[in-house]
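A.B. asks: Questions regarding the structure given below will be posed in turn.
Nothing in this text is a laboratory measurement; each read-out follows from the coordinates by a stated rule. None of the values given here were measured: they were computed from a predicted structure.
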Amino acid sequence: MSQRVGIYPGTFDPVTLGHMDIIRRATTLVDRLVIGVTTNPSKSPMFSLDERLEMVRRETAGLGHAAIDVVAFDSLLIHFARQQGASVIVRGLRAVADFEYEYQMAGMNQQLDRGIETVFLMADVALQPIASRLVKEIALYGGDIRAFVPGAVAEQVMERVARIGVKGSVPLAS
């Protein structure tokens, strides 16, 4: 019997509780989940690729029902999925606004390889508004992000904000 492999791609800058919810639930659908951490030329990341890989590895250690691998990639998603032996691409949806873009991407990926299915998972209702971009913005203006990211990630973000020296930022209280 062959192993069902899924890919969950993203920039994870930083990894949020919404990402963690999708990861946890995706592990019930596959035997092995490959979390593909990538760069996005249209985004300016707060964390380097190596930092994001370490962050996701730390937060997913021992999580879920499937084996989890965290791998960097900088290629077409379909090429990465083939390389990993994946038959499923997992995408998280927060709102209707996400659906239109994700639907188009799924259609393009299907045209490139009909053997790889895209599966959409809706984020938990309580986590739907969380976006990495908003987490960074809140942190840059001194807001408390602990409700949106795992504790160690909140510390990393706040340390980075303190190092950047953005006006209005405050250290994260314990």
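A.B. asks: Taking θ as phi - 60°, what are the ³J(HN,Hα) couplings along region 35-47 by the Karplus curve (6.51, -1.76, 1.60), each to the nearest whole Hz, with x for Gly and Pro?
C.D. replies: 8, x, 9, 10, 9, 10, x, 7, 10, 9, x, 7, 10
A.B. asks: If amide H atoms are built 1.01 Å from N in the plane of the peptide, which residues on other chains or at least 5 residues away come under 5 Å of the amide H of Val149?
C.D. replies: For Val149, the qualifying residues are Leu17.
A.B. asks: Given contacts defined as C-alpha pairs under 8 Å and at least six residues apart, what's the relative contact order of the chain, whole-number percent?
C.D. replies: Over the chain, the number comes to 26 percent.
A.B. asks: A further question follows. For the chain, take the longest principal axis of its alpha carbons; what is the angle in degrees between that and the long axis of helix 151-164, to the nearest 10 within 0 to 90?
C.D. replies: The angle comes out at about 60 degrees.
A.B. asks: While we're here: How far is helix 96-112 tilted off the main Cα axis of the chain, in degrees rounded to 10, range 0 to 90?
C.D. replies: Its long axis makes an angle of about 40 degrees.
A.B. asks: For Ala147 and Glu51 in one chain, what is 0.36 nm times their gap in residues minus the Cα-Cα distance, to one decimal in nm?
C.D. replies: 32.4 nm
A.B. asks: Expressed in nm to one decimal, what extension gain is obtained for the pair Ala95 and Gln3 from 0.36 nm per residue of sequence separation less their Cα-Cα distance?
C.D. replies: 30.0 nm
A.B. asks: Report, by chain and number, residues whose modeled amide H sits under 5 Å from the one on Val119, excluding near sequence neighbours (fewer than 5 apart, same chain).
C.D. replies: Sorted by chain and number, the residues that satisfy this are Ile89, Val90, Arg91.
A.B. asks: Dimensions of the chain along principal axes (Cα, Å, largest first)?
C.D. replies: The Cα atoms of the chain stretch 52, 33, 30 Å along their principal axes.
A.B. asks: Per residue, what volume in Å³ does the Cα convex hull of region 10-57 take up?
C.D. replies: Hull volume normalised by residue count: 76 Å³.
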